[in-house]
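Have a look at the structure below before the remarks.
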Amino acid sequence: MRRPMAQCGGRVVRRAARSPVAGRDRRPRRTLGRRPGGGPCGGAPRRRLDRGRHLRGFFACLYFAGLRPAEALGLRVQDCHLPATGWGRLVLAKSKPQANKKWTDSGAAHDDRGLKHRADEEGRPVPIPPELVAILREHVDEFGAHEDGRLFRTSRGGVISIGTYCEAWKAARHLALTPEQVASSLAARPYDLRHAAVSLWLNAGVAAPEVAERAGHGVDVLLKVYAKCIDGGAEISNRRIEDALAA
């Protein structure tokens, strides 16, 4: 099993635990700041699915593209533009949320739905950096895709369960982190990779509307959830105000 978190080392974005009380500011937890690794491309799969290796690209999608886990599970090879060099693009079309079989339209554990905050059949384009392009090209080369195009699936072609990818993430944390970090809330859940992505974009100075568009949020929700976790925001704002006053 590869260590998806071992290559994510770097600065930590501080994020407070979210309040369960409705109406209060819901502040995300502490998450990682960087970085899973990359590789080359090809066509047909050459080996059986190995859960740890097969989920490397799944976790990378959460961090580098800010996808929700259900969106990554619905990602198809036809949704991916993966050039040999430079930035690529995902055009998300489907989501595979997990629920009780009694409450899904299909009677299966995972429903086949459109995207949150989008009309039916409306996709969401997400630019992806070269690191993720390389990881996904390597994934396609090594594992191929399901007959319906899905990149991430079980050995029998099913949808990967929450329990499966959370178990793999838990094992990766024990391999990659110190015992003190394992005992902390640092990147405690796979979903924290998405939080880390959005926090990173905001800290990098990407405009809030653009971050919201990539993450599939409304701008108001984005600012409410993430405003408190922007690292160094006060100092940056002070410098900008000083520059404006001196102009």
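Fully extended, how many nm does the chain gain between residue 245 and residue 189 (0.36 nm per residue separation, minus their Cα-Cα distance)? Each step should come with its number before you reach the end.
Details: separation 56, 0.36 × 56 = 20.16 nm, distance 4.36 nm.
Residue separation times 0.36 nm, minus the Cα-Cα distance, leaves 15.8 nm.
Run through the range 138-196 and list the trypsin sites (Lys or Arg not before Pro) located in a DSSP loop whose Cβ has at most 15 other Cβ atoms within 10 Å.
For trypsin sites (Lys or Arg not before Pro) across the range 138-196 that sit outside H, G, I, E and B with at most 15 neighbouring Cβ atoms in 10 Å, the list reads 156.
Can you give me the Kirkwood hydrodynamic radius for the range 143-245, using every pair of distinct Cα atoms, in Å to one decimal?
This gives a value of 16.9 Å.
Report the calculated FRET efficiency for residue 180 and residue 87 (r = Cβ-Cβ distance, R0 = 35 Å), to the nearest 0.05.
After rounding, the FRET efficiency stands at 0.45.
Please work out how much length the chain gains when fully extended from residue 213 to residue 155, using 0.36 nm per residue of separation minus the C-alpha to C-alpha distance, in nm with one decimal. Let's see the in-between values first.
Details: separation 58, 0.36 × 58 = 20.88 nm, distance 3.34 nm.
Extra length from residue 213 to residue 155 when fully extended: 17.5 nm.
With the Cα gyration tensor of the range 185-230 in hand, convert its eigenvalues to equivalent ellipsoid semi-axes via √(5λ) and list them largest first in whole Å.
Numbers: eigenvalues 62, 23, 19 Å².
Equivalent-ellipsoid dimensions as semi-axes: 18, 11, 10 Å.
List the GluC sites (Glu not before Pro) in the range 138-247 that DSSP assigns to loop (not H, G, I, E or B) and whose Cβ has at most 16 other Cβ atoms within 10 Å. Which are they?
Values: sites: 138, 142, 147, 167, 180, 210, 213, 235, 242; in loops: 147.
Here the GluC sites (Glu not before Pro) that fit, given the DSSP loop and packing criteria, are 147.
Can you sort 245, 175, 67 by 1.4 Å-probe accessible area, starting with the largest? Let's see the in-between values first.
Working: 245 140, 175 85, 67 0 Å².
Descending accessible area places them as 245, 175, 67.
The values are calculated or read from the model by the stated rules, or taken from the named source; none is laboratory data. Model, not experiment: these values are computed from the prediction. Don't worry about glycine lacking a Cβ; one is built from the backbone with ideal geometry, like all the others, and counts go over all protein chains shown. Keep in mind that these areas ignore ligands, DNA and RNA; they rest on the heavy atoms of the full protein, side chains included. Shrake-Rupley method; radii C 1.70, N 1.55, O 1.52, S 1.80 Å.
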